[in-house]
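Structure, as structure tokens:
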Amino acid sequence: MSIRVLLADDHSAIRMGLAMILNGADGIEVVAEASDGLSAVRKAVALRPDVVLMDVRMPGTDGIEATRQLVSQGVCQVLVLTTFDLDENVYGALRAGAAGFLLRRRRPGDERHPPRPGHVRRHPGPGTGLPPRPYRP
């Protein structure tokens, strides 16, 4: 059984690259792509993916609000895509219910090891005082 993924990023090159990497991995299937938060929510509600890889900075409905909507409705889990591991937007997305986050910074050869749900660093929980940790293969 494949992990069904929806990609949400306003940069088509990022979506295309992620789709190539993920579709080439065993057990992962990209079921849809979205260029903004509103279309990500609509597609996720319709398609019920296992996870949405969500950019936090998108036009219109941003990734934080889209995450809040998907998690509060119990549609799927959300992993935030970010360039910065200590960005305030990441914390906002985690507070909105994101399961974790992935850094966009990848090294050559990383495409051989696409992220899996067990690899994601989870938010340690409110009140712990510990920052979330990014997935680094």
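The values are calculated or read from the model by the stated rules, or taken from the named source; none is laboratory data. Just so it is clear, the structure is predicted and the values come from calculations on it, not from any experiment. Here the Cβ is made from the backbone with ideal geometry for all residues, glycine too, and neighbour counts use every protein chain on show.
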> Mind checking which residues of segment 94-123 are at pLDDT 85 or above and in a helix (DSSP H, G or I)?
Replying inline: Leu94, Arg95
> Using beta carbons and a limit of 9 Å, which pairs, at least six apart or on different chains, have the first residue in segment 90-116 and among the β-branched types (Val, Ile, Thr) and the second one modelled with pLDDT of 55 or more and surrounded by fewer than 16 Cβ atoms within 10 Å (Cβ to Cβ)?
Replying inline: Val90/Phe84
> When Val71 is evaluated against the numbered criteria (1) under 15 Å from Phe101 (Cα atoms); (2) of a type in the set (A, V, I, L, M, F, W, C); (3) within 12 Å of the chain's Cα centre (by Cα), which criterion, by number, is the only one it fails?
Replying inline: (3)
> So how many residues does segment 44-53 have that are assigned to a helix (DSSP H, G or I) and surrounded by 23 or more Cβ atoms within 10 Å (Cβ to Cβ)?
Replying inline: 1
> Across segment 59-82, what is the number of residues that are under 17 Å from Ser12 (Cβ atoms) and surrounded by fewer than 24 Cβ atoms within 10 Å (Cβ to Cβ)?
Replying inline: 3
> Going by the conditions given, is Arg15 among the basic types (Lys, Arg) and either under 18 Å from Ala96 (Cα atoms) or not in a helix (DSSP H, G or I) (or both)?
Replying inline: no
>> Please pick out the residue among Val41, Val56 that is surrounded by 17 or more Cβ atoms within 10 Å (Cβ to Cβ), within 13 Å of the chain's Cα centre (by Cα) and within 14 Å of Leu81 (Cβ to Cβ).
In response: Val56
> Do we have Asp62 as at pLDDT 85 or above, of a type in the set (Asp, Glu) and more than 26 Å from Gly24 (Cα to Cα) here?
Replying inline: yes
